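Trainee: Please read through the structure below; I'll follow up with questions.
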Amino acid sequence: MADTLREIAELPQTFVREGTQFMNRCTKPDKKEFLQICRAVGMGFVVMGFIGYFVKLIHIPINHVLVGGA
């Protein structure tokens with residue numbers, strides 16, 4: 001019983017300790033790293049846009065053939 005209470009009491013302390021360690025390790029990205037992240041996200045948007053466009057380009061005519069334009 002005492003062990004379980006001790007474990008429950010240690011949980012917030014462990015969480016706070018690990019959280020502060022994580023925040024201390026985190027650094028603000030410099031300009032080069034920020035631009036690299038922006039390029040990667042932008043390329044992801046472009047690739048997903050093209051995939052969505054081509055899926056829609058193929059899906060609409062096939063859907064009209066299968067459903068009969070209803």
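We did not get these values from a lab; they are worked out from the coordinates using the rules stated. Here the structure is a predicted model, which is why all the values come from computation and not from measurement. Ideal geometry is used to build each Cβ from the backbone, glycine not excepted, and the neighbour counts take in all protein chains shown.
Trainee: State all residues of segment 12-39 that are surrounded by 10 or more Cβ atoms within 10 Å (Cβ to Cβ) and among the hydrophobic types (A, V, I, L, M, F, W, C); if no residue qualifies, say none.
Mentor: Phe15, Val16, Phe34, Leu35, Ile37, Cys38
Trainee: Within segment 30-70, track down each residue that is among the basic types (Lys, Arg) and within 17 Å of the chain's Cα centre (by Cα).
Mentor: Filtering segment 30-70 down to residues among the basic types (Lys, Arg) leaves 31-32, 39, 56.
Listed by number, the list holds a single entry, Arg39.
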